[in-house]
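Input: a single structure, listed below in structure tokens.
The values are calculated or read from the model by the stated rules, or taken from the named source; none is laboratory data. These numbers were taken from a predicted model, which means no experiment stands behind them. With ideal geometry, Cβ positions are generated from the backbone for all residues, glycine too; neighbour counts draw on all protein chains shown. Quick note on the areas: whole protein, heavy atoms, side chains included, nothing else; ligands and nucleic acids left out. Shrake-Rupley method; radii C 1.70, N 1.55, O 1.52, S 1.80 Å.
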Amino acid sequence: MKILLSGTASDSHTWNLVYLRLFLEEQGHEVVGLGPCVDAELLVAGCLRHAPDTVVLSSVNGHGYRDGLTAVRRLRAEPALAGLPVVLGGKLGVAGHRQEADVSALTEAGCDAVLGEDLDALRGFLAARARREVPA
């Protein structure tokens, strides 16, 4: 599966993206990395250029909710990307704990999964996507 991996617009951390890239490659996925501080327009352009099967967005700085909401809304507004699976992981807010209202708003906006920091959940989500893409 081809995965586009990106940091969120306000997140300048790179270590998490390196870690996630290695994790995803070890799972057998092709990874296209856009890097940190990727705003919604750059994300859309990257998706149109690279045609990934799934987008994985990562946030470490605690602004994943705000940045993720902007990103997923912009992706869903682009007709060619409206059905592209999007996963958001990491810290959603600065409160230090997961806010279920934020998760609900993200899924309602079009995130297919909001996973926090659980790599097993990411592995499971991607495995389920891969099974759906294999013709019977």
Of the residues in the stretch 16-35, those that are touching a residue at least 12 places away in the same chain (Cβ under 8 Å) and either open to solvent by less than 50 Å² (accessible area, probe 1.4 Å) or in a helix (DSSP H, G or I) (or both) number 11
Given the condition modelled with pLDDT of 95 or more, surrounded by 14 or more Cβ atoms within 10 Å (Cβ to Cβ), within 14 Å of the chain's Cα centre (by Cα) and over 24 Å from Ala127 (Cα atoms), answer yes or no: does some residue in the stretch 89-112 qualify? no
List the residue pairs whose Cβ atoms are under 6 Å apart, where the first residue sits in the stretch 99-116 and is closer than 14 Å to Leu57 by Cα, the second is part of a strand (DSSP E or B) and among the small types (Gly, Ala, Ser), and the two are 6 or more positions apart or on different chains. Leu115/Gly89
Among the residues of the stretch 58-82, write down those that are among the aliphatic types (A, V, I, L, M) and open to solvent by 60 Å² or more (accessible area, probe 1.4 Å). Ala77, Ala80
Matching residues, the stretch 36-57, being aliphatic (A, V, I, L, M) and either part of a helix (DSSP H, G or I) or open to solvent by less than 50 Å² (accessible area, probe 1.4 Å) (or both): Val38, Ala40, Leu42, Leu43, Val44, Ala45, Leu48, Val55, Val56, Leu57
Output for the stretch 87-109, where each listed residue is assigned to a loop (DSSP other than H, G, I, E, B) and in contact with a Phe, Trp or Tyr (Cβ under 7 Å, 6 or more places away or on another chain): Leu92, Gly93
Would you point out which residue out of Leu75, Leu115, Leu84 is in a loop (DSSP other than H, G, I, E, B) and within 15 Å of the chain's Cα centre (by Cα)? Leu84
